[in-house]
1. Could you give me the ³J(HN,Hα) list for the stretch 11-23, computed from phi with Karplus coefficients 6.51, -1.76, 1.60 and θ = phi - 60°, whole Hz, x at Gly and Pro?
2. Output wanted: per-residue J couplings in Hz (rounded whole) for the stretch 110-117, from phi through Karplus 6.51 cos²θ - 1.76 cosθ + 1.60, θ = phi - 60°, x for Gly and Pro.
3. For the chain, state the average projected area of the convex hull of the C-alpha atoms over all orientations, rounded to one decimal in nm².
4. With charges set only on the Cβ (+1 for Lys and Arg, -1 for Asp and Glu), what does the dipole of the stretch 35-123 come to about its Cα centre, in debye to the nearest 20?
5. Mind listing the phi-derived Karplus ³J(HN,Hα) values for the stretch 78-94, rounded to whole Hz, using 6.51, -1.76 and 1.60 with θ = phi - 60°, and x for any glycine or proline?
6. For Q96, list long-range residues whose amide hydrogen, built 1.01 Å from N in the peptide plane, is under 5 Å from its own amide hydrogen.
7. What are the residues whose amide H is under 5 Å from the amide H of S43, where those residues sit 5 or more places off or on another chain and H is modelled from the backbone?
8. Compare T22, T116, T93 in a GNM of the chain, Cα atoms joined below 10 Å, and give the one with the largest fluctuation.
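Laboratory data are not the source of any read-out in this text; all were calculated from the coordinates shown. Keep in mind that what you see is a predicted model, and the values were worked out from it rather than measured. Using ideal geometry, Cβ is built from the backbone for each residue, glycine included, and neighbour counts are taken over all protein chains shown.
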Amino acid sequence: MKSALRVLYIFLFGALSFFIGTQYEWLRTSGNHPVSVTIINESGHEIKSLTLFHSAYGLKGSLNIDPPPNGSSKIIRFFQPGDGSFTIEATFTNGQVLQGVGGYVESGYSLYMVITATGISRSLDGKL
């Protein structure tokens, strides 16, 4: 009888440990969905350099992006710890520099940034 109780306690302890571990992992990673930004180049020009600047809770970062050719798009994903913001800077081959404010983002947001010859604007559906 003591042996059976010991086995039962060990099983229950193991099951409880597993349950607590899975719940902890779920809580730890549940907000870690990347922000997805689709950058669309409708400028009529080739872009020499493209940089995405992001910030949240005093933390700042930047991503140098391989620019999409004219008439195409590129999806960029980055992790945003909570709420924050981002901007995009594009430099054309002729030296013209454009900046666009992506604005407020949170973990899991998905949006579009459209680059035209005169500016960069945020779009929810990829159209201006």
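1. Residue by residue, the stretch 11-23 yields 4, 5, 4, x, 5, 5, 4, 4, 4, 5, x, 5, 5 Hz.
2. Computed from phi, the couplings for the stretch 110-117 are 9, 8, 10, 10, 9, 9, 10, 5 Hz.
3. 10.7
4. On the way: 5 positive and 6 negative charges, 13 e Å.
Around 60 debye, computed over the stretch 35-123.
5. Rounded to whole hertz, the list is 8, 8, 10, x, x, 8, x, 8, 8, 9, 10, 10, 10, 10, 7, 5, 7.
6. It is none; the list stays empty.
7. Distant-sequence amide H within range of S43: G71.
8. Highest fluctuation among the options: T22.
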